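A.B. asks: Dropping the structure in here first, questions after.
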Amino acid sequence: MKRYLIFGAIGPLVGGFLMLVATTVASGYWTDTSWSELGKFLGAFVKTLQYSYLFGLVPALMVGAIDDILYHVRRISFVARLLFVAIIGFAASSLLYGSRGPDTGVVQFLLYGLVGMVPAVLSSWLAHKYADAPQPVHST
């Protein structure tokens, strides 16, 4: 249960922030920036945080379920599980968002891929650190 709480709390927060970064970079907003523009950006993030949780909670829990399934497969190590979850998060978000809008290309594909990959990897790592049961050490 801790795993799902971690994915549900961290995923939409980080994913919403990265989605806002990806859309502002793709729109060309960061060409002329100042500290006031950064303040507006963070204000927009705070104002849209509720929508990040509204639309990002179910996908984050779905990735958490995949991570939980892979955790129960004994032959899969933590690093392999982390990479698998990263690939799924990258593929899902880049295919869902990467081909939208007039400026489609490699940059948008990578930016929107990171929107799904970074929260998935971060949540999986935190779940491994705090939610996984400690493995008994065998004496030799």
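The values are calculated or read from the model by the stated rules, or taken from the named source; none is laboratory data. All values derive from a computational prediction rather than experimental measurement. For accessibility, only protein heavy atoms count, side chains too; no ligands or nucleic acids. Shrake-Rupley method; radii C 1.70, N 1.55, O 1.52, S 1.80 Å.
A.B. asks: Under 1.5 on a/c is rounded, so check that first for the stretch 1-68, then, if it is not, pick prolate when a/b is larger than b/c and oblate when it is not; a ≥ b ≥ c are the square roots of the alpha carbon gyration tensor eigenvalues.
C.D. replies: prolate
A.B. asks: How large is the translational diffusion coefficient of the chain in µm² per second when you combine the Kirkwood radius over alpha carbon pairs with Stokes-Einstein at 10 °C and 1.306 mPa s?
C.D. replies: 99 µm²/s
A.B. asks: OK, next. Show that you can apply the helix-only estimate: for the chain, add -39,500 (n - 2.57) for every DSSP H stretch of four or more residues, divide by all residues, and state [θ] at 222 nm to the nearest 500.
C.D. replies: Helix-only estimate at 222 nm: -26500 deg cm²/dmol.
A.B. asks: Let me ask you something else. First compute the accessible area of the chain with a 1.4 Å probe, then give the percent of it belonging to carbon and sulfur atoms.
C.D. replies: After summing per-atom areas, the C and S share lands at 72 percent.
A.B. asks: Rounded to the nearest whole Å², what accessible area per residue is found for the stretch 1-104 with the 1.4 Å probe?
C.D. replies: 64 Å²
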